[in-house]
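S.K.: The structure's right below; bear with me while I get my questions together.
Computed from the coordinates by the stated procedures, all read-outs in this text should not be read as laboratory data. Here the structure is a predicted model, which is why all the values come from computation and not from measurement. Note that we place each Cβ from the backbone using ideal geometry, even for glycine, and neighbour counts take in every protein chain shown.
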Amino acid sequence: MFNKYTSEILKELQECLSRGSTVEFTTICQYIDRAEKIFVAGMGRTGYVMRGFAMRLAQAGYEVYWIGDTNTTAARKGDLLIIGSGSGETETLRGYTKKAKELQIPIVVFTT
């Protein structure tokens, strides 16, 4: 059964990665490297993926917070917000981006 889906998964990953440019990927990496703290959020299934991404960033040595957890500190200029949203229209996530703009925090959005 695994072999049945492997080629499809690889095809989807290739398609996804081919849509972004090297410049975009480099810019995102620069934002991550420059951030004092990184705040991550997402809802539903995308939220699960974003939680995994936040964990990987933390394991790589970045100071990362999942928005809404009890240990999440306040954000300020110099931080980074990373949002995952399938629709790009989830009201809660839009509220986070509005606040990030007020604080002059860069925002990275992964969406379909």
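S.K.: Quick check: pseudo-label points 7 Å beyond the Cα along Cα→Cβ at Glu63 and Glu91, how many nm apart are they?
M.R.: 3.3
S.K.: Going Cα to Cα from Lys37, which aspartates and glutamates come in below 14 Å? Please leave out same-chain ones fewer than 8 positions away.
M.R.: Glu63, Asp79
S.K.: Between the range 38-66 and the range 1-22, what is the C-alpha centre distance in whole Å?
M.R.: With the range 38-66 and the range 1-22 each reduced to a Cα centre, they are spaced 22 Å.
S.K.: Taking the mean number of other Cβ atoms within 10 Å as a proxy for protection, how do you rank 80-88, 50-58 from highest to lowest?
M.R.: Order by mean packing, descending: 80-88, 50-58.
S.K.: Round to the nearest 0.05 the FRET efficiency obtained for Asp33 and Lys98 when R0 = 22 Å and r is the Cβ-Cβ distance.
M.R.: Approximately 0.30, to the nearest 0.05.
S.K.: For the chain, give the magnitude of the charge dipole about the Cα centre (Cβ charges: +1 Lys/Arg, -1 Asp/Glu; no others), in debye to the nearest 20.
M.R.: My answer is approximately 100 debye.
S.K.: So, one more: Grab the other residues whose beta carbon is less than 14 angstrom from that of Thr111, score K and R as +1, D and E as -1, and report the net.
M.R.: Net of charged neighbours comes to +1.
S.K.: I would also like to ask the following. Restricted to Cα positions, what overall size does the range 42-112 have along the principal axes? Three whole-Å values, descending.
M.R.: 29, 27, 21
S.K.: Using 0.36 nm per residue of separation minus the Cα-Cα distance, give me the extension gain between Asn3 and Thr72 in nm, one decimal.
M.R.: 20.8 nm is the gain from fully extending Asn3 to Thr72.
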